[in-house]
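One structure is given below, encoded as structure tokens.
The values are calculated or read from the model by the stated rules, or taken from the named source; none is laboratory data. Keep in mind that what you see is a predicted model, and the values were worked out from it rather than measured. Cβ placement follows ideal geometry from the backbone for every residue including glycine, while neighbour counts extend to all protein chains displayed. Only protein heavy atoms, including side chains, enter the accessible area calculation; ligands, DNA and RNA are left aside. Shrake-Rupley method; radii C 1.70, N 1.55, O 1.52, S 1.80 Å.
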Amino acid sequence: MHRRAWTLLVGIAATMGVLAFAVSYLYDRPLLDPEGSFLGPTWLRLPLLLLGALLLDLLPRTLWFSRGNPKTMPGIVRERLRTHWDRDRLTLVALGVFCFYITYVSYRNLKSVLPEVIDTKYDRELHLVDRVLMFGGDPSDVLHAVLGTGISAHVLSYIYLWFLPLVPIALTAWLVFPKNLSYGYWFATSQCIAWTLGTLSYYLLPTLGPGFEYSAKYKDVVDAGTPSGDLMDSLSNSRATVLSQLDGAEGLVNSVAGFASLHTAITLLVALMVQFTLQSRTLKIVFWANFGITVVATLYFGWHYILDDVAGIFIAFVAFYVGGLASGHKFERGSLRSHPTTTTDKVPVDR
């Protein structure tokens, strides 16, 4: 069994859950399912995604091999369920979904209560670092001048918000589809590590982000009618409502925190997983491009400072390599390549 990955997954989820409960109790804040009012509760949404992935795995395969003959379809389905959806696979899927759910919900609740735990913010310091790195200017000034604030704002916005469905879709894909179970443990473990380190970073260096602290500099792109601008307005209003405890605050969470950028961390983590576990050159190009454009979007819209993105990159590499080692992968050629040392919970293999 992938005992190291199993232990690490459960340990992270348990730690995050205990911290979320403790903070909830100490600050008299109910634990919330942050996405419960949108697309249904997480406990229902993730199983539905997995069911969809199961159907996506079975239906095309069944139709292809049966050549449309209904009589052969049940046998093809049973064969796939027997050879691919065995006990080891079901254990991986259940463990990955459960641990990610606990980690992510705890992350959102711990992020929400941050302003009550720590009042200090370091936006001024990180803004000064930005200006030093840009030789007296701001990243937003350069990006708005080079890219404009018209159609590019809409393109960057949609790519930035693609992150929202990417997280559950990517987790589902690596839990369900790889023949080698160690790839699923790798990605699930790395995901939980990344969200945990992101939570820690919020408490180590709390910030709002330039788009909230220096909102005037981003007025053009926020007012351009982009989904990203609408989201920024929504998060700002939700934060004000939660902090002031106004009517309607029940069920809302504060989702504003700048350092570090988990958009950067998770999109880089996905790109690394694609690079190391898939053979498709097209997919590698797509997801590396997605990572690069997401980093640009974080600065363009004012979601993050430059150091936020640097910290996000650091989180991604740590999560990726620790998750890989825990799930039984050996890195080689200066960590630029890897190979698994297990295929299932019981069968060790050489290269």
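Under a Gaussian network description of the chain, with springs only between Cα atoms under 10 Å, the residue in THR15, THR264, THR120 that fluctuates furthest is THR120. Hey, if you drop one equal point scatterer on each alpha-carbon of segment 111-171 and run the Debye formula without solvent, what base-10 log of I(q)/I(0) do you get at q = 0.21, 0.30 Å⁻¹? Treating every Cα as an identical point scatterer, log10 I(q)/I(0) equals -0.94, -1.05. Remark: the ALA14-LEU51 segment gains 10.8 nm on full extension, using 0.36 nm per residue and subtracting the alpha carbon distance. According to the square roots a ≥ b ≥ c of the eigenvalues of the Cα gyration tensor, what is the shape class of segment 173-238, taking rounded for a/c under 1.5, prolate for a/b larger than b/c otherwise, and oblate for the remainder? It comes out oblate by the Cα gyration axes. Structure remark: mean-square fluctuation, Gaussian network model of the chain, C-alpha springs under 10 Å; the largest value among ALA22, ALA145, ALA326 belongs to ALA145. A cut-off under 13 angstrom between Cβ atoms defines the neighbours of VAL295, and their net charge, with Lys, Arg +1 and Asp, Glu -1, is -2. Taking the chain as the region of interest, the number of lysine pairs whose Cα atoms are within less than 23 Å, with members eight or more places apart or on different chains, is 8. Percent of alpha carbon pairs in segment 273-335 separated by more than 17 Å? Cα-Cα pairs of segment 273-335 separated by over 17 Å account for 54 percent. When the square roots of the Cα gyration tensor eigenvalues are ordered a ≥ b ≥ c, the ratio a/c for segment 90-242 is 1.5 or more and a/b exceeds b/c, which makes its shape prolate. Taking label points 7 Å from Cα along the Cα-to-Cβ direction, ILE151 and PHE65 give a separation of 4.6 nm.
Tell me the carbon and sulfur percent of the accessible area for segment 77-158, rounded to whole percent, probe radius 1.4 Å.
Carbon-and-sulfur percentage of accessible area, whole number: 63.
For segment 68-165, the gyration tensor built on C-alpha atoms gives an oblate shape. Its axis ratio a/c (a ≥ b ≥ c) is at least 1.5, and a/b is not larger than b/c.
When you restrict to C-alpha pairs under 8 Å that are six or more residues apart and normalise by the size of the chain, the relative contact order lands at 24 percent. Across segment 288-295, computed HN-Hα scalar couplings (Karplus, 6.51 cos²θ - 1.76 cosθ + 1.60, θ = phi - 60°) run 5, 5, 4, 4, x, 5, 4, 4 Hz from first to last residue, x flagging Gly and Pro.
Here the sum of -39500 (n - 2.57) over DSSP H runs of 4 or more residues, divided by the residues of the chain, equals -23000 deg cm²/dmol at 222 nm, to the nearest 500.
In this structure segment 165-285 gives 37 Å² per residue of accessible area when probed at 1.4 Å with all protein chains present.
A simple spin-label model places pseudo-atoms 7 Å from Cα toward Cβ; at ALA22 and ASP86 they are separated by 4.1 nm.
ASP223 sits among other residues whose Cβ lies under 11 Å from its own Cβ, and their net charge, with Lys and Arg +1 and Asp and Glu -1, is -2. Once the Cβ-Cβ distance of MET73 and LYS284 is raised to the sixth power relative to R0 = 35 Å, the FRET efficiency obtained is 0.55. The longest part of the chain holding none of the exposed loop chymotrypsin sites (Phe, Trp or Tyr not before Pro), meaning those outside H, G, I, E and B in DSSP with at most 13 other Cβ atoms within 10 Å, is 136-351.
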